[in-house]
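Notes to accompany the following structure.
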There are 2 protein chains.
Amino acid sequence: MKVTVYATYDSVEDKVIKDRLVVVVDVLRATSTIITSLANGCKEVIPVVEIEEAMNLSKNYEKDAYLLAGERNALKIEGFDLSNSPAEYTKDMVEDRTIIFTTTNGTKAIRKAEGANEIILGALINAKAVSDYILSRGEDIVFICAGTEGKFSLDDIATVGAIIYRMDDGSGQLKLDDLGLVCRHIYREYKGNLESVFKKSRHYNVLKKANYYNDILYCLKEDMISIVPEYTDGIVKIK
Amino acid sequence: MKVTVYATYDSVEDKVIKDRLVVVVDVLRATSTIITSLANGCKEVIPVVEIEEAMNLSKNYEKDAYLLAGERNALKIEGFDLSNSPAEYTKDMVEDRTIIFTTTNGTKAIRKAEGANEIILGALINAKAVSDYILSRGEDIVFICAGTEGKFSLDDIATVGAIIYRMDDGSGQLKLDDLGLVCRHIYREYKGNLESVFKKSRHYNVLKKANYYNDILYCLKEDMISIVPEYTDGIVKIK
């Protein structure tokens with residue numbers, strides 16, 4: 001099973017993802033938030049790139065049927081119902097609702113994966129579930145990290161490492177590309193204390209300064225949720 | 001001193017390199033070969049992207065004044081004098097000559113750095129010289145790895161790590177970005193046995209299969225050459 005990893009969505013080559021199973025990872029915080037939201041019973045999440053696109057889309061829904069959600073520069077968007085903090089996506093808040101969702105990097109990464117055969121979302125909170133799903137498919141796999149503003153981001157790299165680590169039964173059947181090897185290496189090395197890796201990333205410090213430290217601690221919790229979200233035809237639902 | 005690292009030349013942002021000191025690294029083998037060639041007395045190296053461009057340029061030179069050099073798919077180009085193997089760039093062969101040079105990734109990476117204030121070339125064989133030069137300048141620095149066909153390549157990452165490791169006096173003045181941290185980590189971890197890292201990269205295996213294993217061993221020799229090549233106005237010379 002060949003494993004290909006992209007550190008940023010803008011480096012993804014369409015020909016490589018075509019007809020493939022793709023996992024999109026934006027652990028701080030878009031994919032962690034979407035997974036949480038679906039686990040708490042939301043109907044669906046619609047990732048959109050632009051704020052205006054989100055606003056326009058919301059006009060198609062009844063008042064109580066949707067929530068406008070997301071962030072710019074880590075902060076809640078004016079006029080929106082929810083920020084990108086998974087703590088806000090409680091059952092009371094999201095159950096049976098459609099979440100229209102826009103974030104700086106994560107939603108772009110998801111949309112960039114269009115053209116793949118199948119797109120699923122990964123984070124630390126569902127690392128085992130994603131790994132199990134990939135193994136059940138037994139196909140070559142491509143990971144797309146959201147990265148931070150077009151740059152390599154250690155938090156996503158360690159998360160891909162966590163998924164690869166769970167996929168690896170030591171039989172040598174995993175054929176990791178160079179970046180895949182780095183992901184696994186970083187995770188293996190720090191798996192008792194992943195926060196020490198996250199701490200080194202610029203993104204961690206941006207979130208901490210914006211008073212989202214509790215979100216970071218939440219996003220670091222491994223294997224807490226067993227769902228695998230899938231993105232099809234513009235909508236994310238539980239697989 | 002801020003350190004920014006790009007894993008591939010096509011991810012480089014022009015606004016980030018503008019007015020900066022940039023180090024281009026393509027350890028297997030373009031920058032190793034250029035450094036060797038200049039250390040052995042060649043007059044200058046002219047990196048060009050296309051084979052045809054190299055052919056046309058050669059028409060401006062006297063018969064014995066130049067050599068056509070480079071590779072495609074790791075192999076010598078038909079009608080060229082030299083391949084991209086540093087072993088061929090002996091003093092007898094290159095002294096006082098102009099080398100017109102084209103390779104798959106390395107020359108593209110060098111040209112991509114245009115727009116920087118100053119462009120120097122790094123490899124393991126001149127890691128200490130490059131590190132000393134950067135420290136003497138005391139400026140923020142950007143590393144551009146050539147990568148392999150647009151992808152993250154462990155050999156270049158470990159080489160940037162070697163240079164960063166030599167720059168770091170433990171005073172905390174180095175501000176590494178996320179990828180810079182990974183580079184230093186990989187180098188620190190494997191510095192007694194860098195071949196074990198190279199061995200994991202796809203690029204290593206391509207070269208080994210093409211019978212260039214001795215080149216790999218040569219490119220792994222750290223700090224053997226004390227020159228720093230500079231690329232200015234289309235030409236590489238000793239700084």
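Here are the numbers for the structure shown:
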quantity	calculated
Condition met for B:ILE99 (surrounded by 23 or more Cβ atoms within 10 Å (Cβ to Cβ) and assigned to a strand (DSSP E or B))	yes
One residue from A:ALA39, A:ALA69 being of a type in the set (Gly, Ala, Ser), within 18 Å of A:VAL228 (Cα to Cα) and buried (at least 17 other Cβ atoms within 10 Å of the Cβ)	A:ALA39
Any hit, the range A:144-161, residues being β-branched (Val, Ile, Thr), touching a residue at least 40 places away in the same chain (Cβ under 8 Å) and more than 21 Å from B:LYS151 (Cα to Cα)	no
Subset tally (residues that are out of contact with any Cys (no Cβ under 6 Å at 6 or more places or on another chain), more than 14 Å from chain A (Cβ to nearest Cβ) and hydrophobic (A, V, I, L, M, F, W, C)) for the range B:12-25	4
All positions within the range B:143-153 that are of a type in the set (Val, Ile, Thr) and either surrounded by 24 or more Cβ atoms within 10 Å (Cβ to Cβ) or in contact with a Pro (Cβ under 9 Å, 6 or more places away or on another chain) (or both)	B:ILE144
Cross-chain or 6+ apart pairs with Cβ under 6 Å, the range A:215-238 first and surrounded by fewer than 19 Cβ atoms within 10 Å (Cβ to Cβ), then among the basic types (Lys, Arg)	A:ASP223/A:LYS128; A:GLU230/A:LYS239
Number of the exception - A:LYS221 against (1) among the basic types (Lys, Arg); (2) closer than 30 Å to A:GLU118 by Cβ; (3) not in a loop (DSSP other than H, G, I, E, B)	(3)
Matching residues, the range A:140-172, being of a type in the set (D, E, K, R) and at pLDDT 95 or above	A:ASP140, A:ASP155, A:ASP156, A:ARG166
Residues located in the range B:138-188, provided they are within 10 Å of chain A (Cβ to nearest Cβ), in a loop (DSSP other than H, G, I, E, B) and of a type in the set (Gly, Ala, Ser)	B:GLY147, B:GLY150, B:SER153
Where a residue in the range A:111-127 is farther than 18 Å from A:VAL16 by Cα and its partner, wherever it lies, is buried (at least 17 other Cβ atoms within 10 Å of the Cβ) and among the small types (Gly, Ala, Ser), with Cβ under 7 Å and at least six apart	A:ALA123/A:SER32; A:LEU124/A:ALA162; A:ILE125/A:SER32; A:ALA127/A:ALA162
Hits in the range B:62-76 - residues which are closer than 24 Å to B:LEU217 by Cβ and either in a loop (DSSP other than H, G, I, E, B) or without any contact (Cβ under 8 Å) to a residue 12 or more places away in the chain (or both)	B:ASN73, B:ALA74, B:LYS76
One residue from A:ASP168, A:ASP178 being on the phi < 0 side of the Ramachandran plot, surrounded by 23 or more Cβ atoms within 10 Å (Cβ to Cβ) and without any contact (Cβ under 8 Å) to a residue 24 or more places away in the chain	A:ASP178
Among the residues listed as A:LEU121, A:LEU135, the single one being under 23 Å from A:LYS237 (Cα atoms), in a strand (DSSP E or B) and either away from chain B (no Cβ under 14 Å) or charged (D, E, K, R) (or both)	A:LEU121
Looking only at the range A:189-204, and only at residues there that are among the charged types (D, E, K, R) and more than 10 Å from chain B (Cβ to nearest Cβ), the one that is nearest to A:PHE152 (Cα to Cα)	A:LYS199
Qualifying position, being touching a residue at least 60 places away in the same chain (Cβ under 8 Å) and touching a helix residue (DSSP H, G or I) at 6+ places or on another chain (Cβ under 6 Å), among B:VAL22, B:VAL45	B:VAL45
Some residue of the range A:34-49 being among the charged types (D, E, K, R) and within 14 Å of chain B (Cβ to nearest Cβ)	no
Counted residues, the range B:87-104 - those being under 14 Å from B:THR31 (Cα atoms) and without any contact (Cβ under 8 Å) to a residue 12 or more places away in the chain	0
Residues located in the range A:120-133, provided they are surrounded by 24 or more Cβ atoms within 10 Å (Cβ to Cβ) and over 14 Å from A:ARG29 (Cβ atoms)	A:ILE120, A:ALA127, A:VAL130
Test: residue in the range A:199-209 that is out of contact with any Cys (no Cβ under 8 Å at 6 or more places or on another chain), assigned to a helix (DSSP H, G or I), surrounded by 20 or more Cβ atoms within 10 Å (Cβ to Cβ) and without any contact (Cβ under 8 Å) to a residue 12 or more places away in the chain	no
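Okay, residues lined up against (1) assigned to a helix (DSSP H, G or I); (2) more than 14 Å from chain B (Cβ to nearest Cβ); (3) within 24 Å of A:ILE134 (Cα to Cα); (4) at pLDDT below 95:
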{"residue": "A:ASP10", "(1), (2), (3), (4)": "yes, no, yes, yes"}
{"residue": "A:VAL27", "(1), (2), (3), (4)": "no, no, yes, no"}
{"residue": "A:THR31", "(1), (2), (3), (4)": "yes, yes, yes, no"}
{"residue": "A:ASN60", "(1), (2), (3), (4)": "no, yes, no, no"}
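The values are calculated or read from the model by the stated rules, or taken from the named source; none is laboratory data. Keep in mind that this is a model prediction, so the values were computed, not measured. For neighbour counting, all protein chains shown are included, and Cβ atoms are generated from backbone atoms with ideal geometry for every residue, glycine included.
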